[in-house]
Amino acid sequence: MVILSDEKIDIIFNRLLVYVERNFKSFVHKENLLYIKHTLKRVLEDKDKAVEFEEIGHLFAESNILFIESVFVFDFLRKNFIAHLPNDIDLREAKRVERLFEDIINYFSKGYLKNYCIEKIENINFIEENIIPKEMIEVYSHHLKTHIDYLRNFLYSIIDNKTFSVGDYNSCEFSIWLKREGRNFIDEEVMLKKVSILDHVFHNLINITEDYKKKGLYKEVFFSINEIEDTFLQILTYMLYLNTKALTVEFSKDPLTGALTRRVFYTILKKHIDISELTKLPISIIMADLDFFKKINDTYGHLVGDEALKHFVRVIKENIRKSDYVFRFGGEEFIILLPHTSLKEAVEIAEKIRKSLESKPLVVDGKEIKITASFGVRELNLSETIESNIKSADENLYRAKELGRNRVEF
């Protein structure tokens with residue numbers, strides 16, 4: 001094996017240190033890079049020592065250094081080592097250096113994976129204990145829990161370096177249920193199709209990842225695990241939505257408007273906050289209030305006021321997704337909960353509702369009554385309390401009222 005001079009190796013690592021300090025999001029101790037340098041010198045003398053990089057992978061994972069940045073370190077070293085080889089070097093020697101760095105990255109990935117899989121197991125344990133609610137309809141919770149067990153056992157097989165018995169998608173209990181009884185529980189054809197596709201993808205990814213594991217391709221295993229987790233979380237989100245929908249339809253509707261009641265707002269929001277903390281996807285809320293509602297009641301009577309509230313909720317529902325929620329928060333005030341929605345997207349939705357309401361007057365006994373509303377939008381800051389976020393949205397709503405009503409503020 002070709003061994004570069006200590007001087008050239010020092011030059012390469014000094015360049016690496018400068019690059020890491022300027023560009024990495026993770027904090028990488030200088031000592032960690034020195035550890036890599038000393039280990040690499042030993043490996044250049046004896047390639048069988050490449051297995052030592054498994055321990056470095058374990059160290060980097062424990063230090064919370066991003067995997068993608070960790071892999072870049074070795075890619076940087078590979079390119080620079082090859083660039084510093086003598087011009088008259090045998091091409092086969094350069095190829096051996098390439099293969100050596102492939103082995104190093106693979107051993108590093110294997111060590112990193114063990115810690116990473118433990119973290120993922122802790123995440124799904126948290127989901128099982130805290131996010132899947134005790135009151136969840138059994139037909140939904142049963143299938144989620146069987147998939148959690150399946151995923152958890154697969155992750156343990158990676159930690160223990162054991163073969164995993166991969167199940168066939170067509171024999172999956174959940175897959176069979178979706179094709180048969182599930183149609184009685186999921187009345188939205190698009191939703192049923194999405195969940196079925198995701199379940200198929202979930203099983204295919206487990207199959208692919210197990211194949212990578214058998215071939216010892218641990219870098220590929222890492223990226224596949226991310227895809228598996230993302231797919232599982234999407235299935236979880238849809239199943240929680242279906243469960244929430246089933247429960248709220250039965251127990252929690254405002255009898256006048258058909259909106260959900262304030263009583264279930266905090267329960268539903270907390271579940272979506274838990275999911276958001278795992279998926280890193282945003283949540284937004286819209287506070288909405290009918291303009292001059294008292295005047296409508298005083299001028300036309302309370303029955304017309306009731307019709308105005310029902311009309312407002314109909315317009316809201318026409319302009320939000322099936323996975324969104326509208327709650328009657330009190331009187332003529334409503335909150336719209338928008339999972340997986342950024343502030344920009346939420347403002348666009350609020351503006352769409354505002355324009356739609358303005359263009360669709362309430363018709364009572366052949367008479368048109370123009371109705372408008374004001375809106376305060378807030379993307380949740382998960383480091384703040386729920387009450388603090390609601391207060392911010394309410395302040396934005398108040399500002400919309402102060403600035404002339406029939407407007408959106410954020």
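Bear in mind that the values in this text are calculations on the coordinates, not laboratory data. Remember, it's a predicted structure, so these values are computed and weren't measured experimentally. With ideal geometry, Cβ positions are generated from the backbone for all residues, glycine too; neighbour counts draw on all protein chains shown.
Using the Karplus curve 6.51 cos²θ - 1.76 cosθ + 1.60 with θ = phi - 60°, what ³J(HN,Hα) values do you get for each residue of region 361-372, in whole Hz, with x for Gly and Pro?
Each residue of region 361-372 in turn: x, 6, 10, 10, 6, x, 9, 8, 10, 6, 10, 10 Hz.
For residue 360, go through the lysines and keep the ones whose alpha-carbon is under 20 Å away, minus same-chain ones fewer than eight residues off.
Result set, ordered by chain and number: 294, 295, 310, 317, 352, 370.
Take the alpha carbon atoms of region 116-139, find their center, do the same for region 55-101, and report the distance between the two centers in whole angstrom.
38
How far is the Cα center of region 356-391 from the Cα center of region 207-225, in Å?
A separation of 49 Å, based on Cα centres.
Let me see the pair-distance distribution of region 253-409: every alpha carbon pair, 10 Å bin width, integer percents in order.
Reading the bins upward from 0: 11, 42, 34, 11, 2, 0.
For residue 37, which lysines qualify as cross-link partners when the Cα separation must be under 24 Å and same-chain residues fewer than eight apart are set aside?
Within reach: 8, 25, 47, 49, 79, 95, 110, 114, 219.
Considering the options 51, 164, 305, tell which one lies farthest towards the positive end of the dipole of the chain, charges being +1 on Lys and Arg and -1 on Asp and Glu at the Cβ, about the Cα centre.
The residue sitting farthest along the positive end of the dipole is 305.
If a paramagnetic tag sat 7 Å from the Cα of residue 261 along the Cα-Cβ line, which residues of region 326-341 would have the backbone N under 13 Å from that point?
Residues 328-330 fall inside that zone.
Would you mind checking the radius of gyration and Dmax of region 6-114 based on alpha-carbon positions, in Å?
Expressed in Å, the Cα Rg and Dmax of region 6-114 come to 13.5, 42.
Grab the beta carbon distance between residue 208 and residue 83, set R0 = 41 Å, and tell me the FRET efficiency rounded to 0.05.
Step by step, r from the Cβ atoms, then E = 0.75.
Counting other Cβ atoms within 10 Å, which GluC sites (Glu not before Pro) in region 107-146 have at most 14 and lie in a DSSP loop?
Those that pass, being in a loop and sparsely packed, are 135.
I need the calculated FRET efficiency for the pair residue 76 and residue 138, taking r as the beta carbon distance and R₀ as 45 Å, to the nearest 0.05. Let's see the in-between values first.
Numbers: r = 52 Å, r/R0 = 1.17.
FRET efficiency, residue 76 to residue 138: 0.30.
Tell me, what are the semi-axes, in whole angstrom and largest first, of the equivalent ellipsoid of the chain as set by the roots of 5 times the Cα gyration tensor eigenvalues?
55, 27, 16
Along the positive direction of the dipole of region 253-409 (beta-carbon charges: Lys, Arg +1; Asp, Glu -1; about the Cα centre), which of 383, 330, 340 reaches farthest?
Working it through, the farthest residue towards the positive pole turns out to be 340.
Tell me the trypsin sites (Lys or Arg not before Pro) within region 1-64 that lie in a loop according to DSSP and have at most 16 other beta-carbon atoms within 10 Å.
25
Most mobile of 291, 211, 46 per a Gaussian network model of the chain (Cα springs, under 10 Å)?
46
Which residue, 92, 263, 321, has the most motion in a Gaussian network model of the chain that connects Cα atoms within less than 10 Å?
In the Gaussian network model the winner is 92.
When all C-alpha to C-alpha distances in region 132-245 are sorted into bins of 10 Å, what percent of pairs does each bin hold, rounded to whole numbers?
13, 46, 29, 11, 1
Name the long-range amide H neighbours of residue 319: under 5 Å, sequence gap of 5 or more, or other chain; modelled H, no Pro or chain starts.
Correct list: empty.
Check each of the trypsin sites (Lys or Arg not before Pro) in region 115-177 and keep only those in coil by DSSP with at most 13 other C-beta atoms within 10 angstrom; list them in order.
Passing both the DSSP loop test and the Cβ count: 134, 162.
With charges set only on the Cβ (+1 for Lys and Arg, -1 for Asp and Glu), what does the dipole of the chain come to about its Cα centre, in debye to the nearest 20?
Approximately 760 debye in magnitude.
Given the rule -39500 (n - 2.57) for each run of at least 4 DSSP H residues, summed and divided by the residues of the chain, what is its mean residue ellipticity at 222 nm, to the nearest 500 deg cm²/dmol?
Mean residue ellipticity, 222 nm, calculated: -22000 deg cm²/dmol.
How large is ³J(HN,Hα) for each residue in region 84-91, as worked out from phi by the Karplus curve 6.51 cos²θ - 1.76 cosθ + 1.60 (θ = phi - 60°), to whole Hz, x for Gly and Pro?
The phi angles translate into 8, 5, x, 4, 8, 5, 5, 4 Hz.
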